[in-house]
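**Q** Dropping a structure here in structure tokens format, bear with me for questions.
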Amino acid sequence: MSELSDRFARQARNEALFREVNERIEQLAVSGQPWSVDGSIEFMCECGVDGGCGERISVPLQVYEHVRAQDDRFVVRPGHETPELEHAIEWTDDYVVVDKVAAAEWIVEDDPRGAASS
Ligand SMILES: [Zn+2]
């Protein structure tokens, strides 16, 4: 099992929930709803702090798909990273792509789309 505290385990599960929400947002956006011309979609921040910060992040669809291709990657607002759970691998002014630390991967690995991380 993991050495993560309950608090971080809970937060990681919240992040997995927001991932589900964002999957839905993406489906709606792609299925013909008008969305921004530059190809970005307004996703929910996936930081998962205290049930979610409720903030929006503008992420290009291409980048989002890239993030979702791995089940331990998430996208959050700059500054919303939690070092105990994840480390940033890609920064922009609008969003940060984070990769889960090994201790947290088992919590989020049920992503139906994601490939197992190595
Ligand atoms: Zn956040």
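**Q** If Gln62 meets every condition in (1) open to solvent by 30 Å² or more (accessible area, probe 1.4 Å); (2) more than 10 Å from the ligand (Cβ to nearest atom); (3) at pLDDT 95 or above apart from one, which number is that one?
**A** Looking at each condition in turn, Gln62 falls short on (3).
**Q** Pro78 fails exactly one of the following numbered conditions: (1) at pLDDT 95 or above; (2) open to solvent by 30 Å² or more (accessible area, probe 1.4 Å); (3) assigned to a strand (DSSP E or B). What is the number of that condition?
**A** (3)
**Q** Also: Out of the residues in region 41-56 that are more than 10 Å from the ligand (Cβ to nearest atom) and either part of a loop (DSSP other than H, G, I, E, B) or touching a residue at least 24 places away in the same chain (Cβ under 8 Å) (or both), which is nearest to Asp93 (Cα to Cα)?
**A** Narrowing region 41-56 to residues more than 10 Å from the ligand (Cβ to nearest atom): 41-43, 51.
Keeping just the survivors that are either part of a loop (DSSP other than H, G, I, E, B) or touching a residue at least 24 places away in the same chain (Cβ under 8 Å) (or both) gives 43, 51.
On the way: Phe43: 15, Gly51: 24 Å.
This residue is Phe43.
The values are calculated or read from the model by the stated rules, or taken from the named source; none is laboratory data. Quick caveat: nothing in here was measured; it's all calculated off a predicted structure. Note that each Cβ is placed from the backbone with ideal geometry, even for glycine, and that neighbours are counted across all protein chains shown. SASA here: full protein model, heavy atoms, side chains in, ligands and nucleic acids out. Shrake-Rupley method; radii C 1.70, N 1.55, O 1.52, S 1.80 Å.
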